[in-house]
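Structure first, then comments.
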Amino acid sequence: MVNRIKNKQTQPPKESFSAELDSAIEYEQQIRRADFKQNPIIVIPGILGSNITTLENDNPLWGDFGSESFADPKADENLRMIALPMQMGKTLDKLHGKSTADGSLRYIKGSVAGIPISINTYASLLSAMGVGEQTGAGGSLHKLDDYIDDGRHEANAFEFGYDWRRSLDENAVRLGEYIRQVTRFVQLQRGSFAPVKFDIVAHSMGGLIARYYLQYGEQLLPAGDARLIANWAGSAQIERVVLIAPPNGGALPGLDCLLTGVPKNPLTPSYDAVILGTLPGVYQLFPRLRFKMFQRSDADEAHSNFLNIDLWLEMNWGLADKTKDALLSRLLPGVDTPAARRETALDHLDKCLANSSKMQAALDTVTPRPEHLKMFLFVGDASKTPLIATAKKGDKKLTYIKKGAGDGTVPRSCVLLDERLAGKWQPKVVSPLKWDNVIFLPSNHLGMTKDPLCIKNILYILFERP
């Protein structure tokens with residue numbers, strides 16, 4: 001990943017937010033001036049929330065849909081850049097294409113009827129946490145000595161932009177590398193090699209990366225039946241963690257998009273389910289099987305296992321769809337026959353499903369956390385959210401038959417990883433996850449990152465909470 005600190009500006013840029021958000025940003029600045037030795041903050045966005053650019057020349061593929069280089073599915077080269085490579089005989093972490101992540105996505109850009117459009121994605125959260133437009137960058141920091149501050153200000157907030165297409169464990173490894181780089185940067189700024197502690201604010205998928213990193217450090221998911229060691233190595237430099245709407249128990253939209261793809265809208269083109277099927281990170285957002293959130297209408301529970309490739313073959317879904325050879329031929333130009341392309345696609349599908357199963361087991365096996373680590377959870381619970389879906393053979397999308405409380409994307413119960421979904425109901429939440437506080441908000445999934453109530457509670461947790 002290539003992201004850069006471009007100058008020493010530490011004040012958030014002047015942006016057009018609501019008056020309440022403006023007051024939250026001003027509040028953050030006042031606290032920083034009062035005590036600049038507060039822990040630096042690392043902000044981690046959710047899925048789709050980081051720019052994707054070409055490795056060769058940093059041309060935007062995802063994020064700026066008004067650029068000539070964006071990943072238009074009509075162009076074979078750009079299509080292969082936004083999809084991840086598929087190859088027999090290689091593990092997922094060894095499959096690398098010609099694109100990478102480049103910083104958080106503050107605004108999604110494009111044009112409608114020739115009129116430029118810019119939609120706020122993570123600009124509000126980044127600015128409120130103190131990440132200036134030009135000060136923080138996720139990935140790698142270059143020539144740190146060039147950015148030592150003159151002593152009047154200190155960079156106190158950074159963004160970790162990551163490749164949301166890739167597996168969570170790979171991004172956890174990169175987060176560990178990034179923290180070491182930012183540590184060195186902060187130490188140079190402070191003129192001291194004293195240990196640096198950080199706070200993390202993460203949204204959605206970013207929260208899963210943070211959780212994995214804290215408990216397992218920089219360990220990749222092991223091959224075969226080997227088990228991860230929960231050593232909490234990632235928590236050594238982290239004191240407070242704020243997670244906003246993480247899909248701890250998964251969510252049905254994670255499964256549905258691998259059936260339907262991304263539909264066309266006025267700002268972005270459509271992306272076929274086969275393209276999304278190349279992305280291991282999407283599979284890791286699946287709901288837990290034990291929660292029984294997917295039930296086939298034409299078969300029993302034993303034939304509803306979406307972590308088993310047999311279901312995908314029977315349902316003709318995603319990379320197993322027999323009608324998609326024309327698209328596969330564009331994604332796999334060096335694979336000459338339909339049979340070989342299908343074999344390659346099914347091999348990739350099987351690897352992604354196995355990877356998802358291992359990741360779920362890793363995230364659901366929670367050991368007692370270190371005493372110094374404080375964790376806070378923000379949950380949306382005022383929107384009707386898909387809770388149970390069904391499909392039958394021949395269906396290319398899920399039919400939602402029951403909705404419950406949530407943020408419109410992730411059910412409240414899945415954010416809490418509430419095991420009552422898998423067993424007998426009882427009055428109190430049953431979850432392996434333990435929090436120092438849980439705050440419920442009447443906001444939707446992305447809306448929470450712009451909600452002044454959410455922002456002000458986060459600032460209190462990080463700066464003022466005793």
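Read-outs: derived from the displayed coordinates by stated rules, not from any lab. For clarity, every value in this text was computed on a predicted model and none was experimentally measured. Heads up, the Cβs are rebuilt from the backbone with ideal geometry, glycines too, and the neighbour counts pull from every protein chain shown.
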Can you sort Ile229, Ile41 from fewest to most other Cβ atoms within 10 Å of each residue's own Cβ? Ile229, Ile41
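Return Tyr162, Tyr178, Tyr107 ranked ascending by Cβ neighbour count within 10 Å, so the fewest neighbours appear first. Intermediate values should be presented prior to the final figure.
Numbers: Tyr162 31, Tyr178 25, Tyr107 15.
Sorted ascending by nearby Cβ count, the order is Tyr107, Tyr178, Tyr162.
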Global geometry of segment 422-466, whether rounded, prolate or oblate, following the gyration tensor of its Cα atoms and the 1.5 cut on a/c: oblate
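Using r as the Cβ-Cβ distance of Phe193 and Ala299, and R0 as 56 Å, what FRET efficiency do you calculate, to the nearest 0.05? Numbers along the way, then the final one.
Details: r = 62 Å, r/R0 = 1.10.
Calculated transfer efficiency: 0.35.
Given Cβ point charges of +1 (Lys, Arg) and -1 (Asp, Glu) and nothing else, what value in debye, to the nearest 20, does the dipole of the chain about its Cα centre take? If you can, show how the numbers build up before the last one.
Working: 55 positive and 53 negative charges, 160 e Å.
In debye, rounded to 20, the chain gives about 760.
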Using Cα centres only, tell me the gap between segment 161-213 and segment 418-439 in whole Å. 28
Structure-derived percent of Cα pairs over 30 Å apart: which label, when the choices are (1) 48; (2) 44; (3) 53: (2)
How would you rank Trp164, Trp435, going from fewest to most other Cβ atoms within 10 Å of each one's own Cβ? Trp435, Trp164
For segment 68-139, which trypsin sites (Lys or Arg not before Pro) are in a loop by DSSP, counting at most 13 other Cβ atoms within 10 Å? Lys74, Lys98
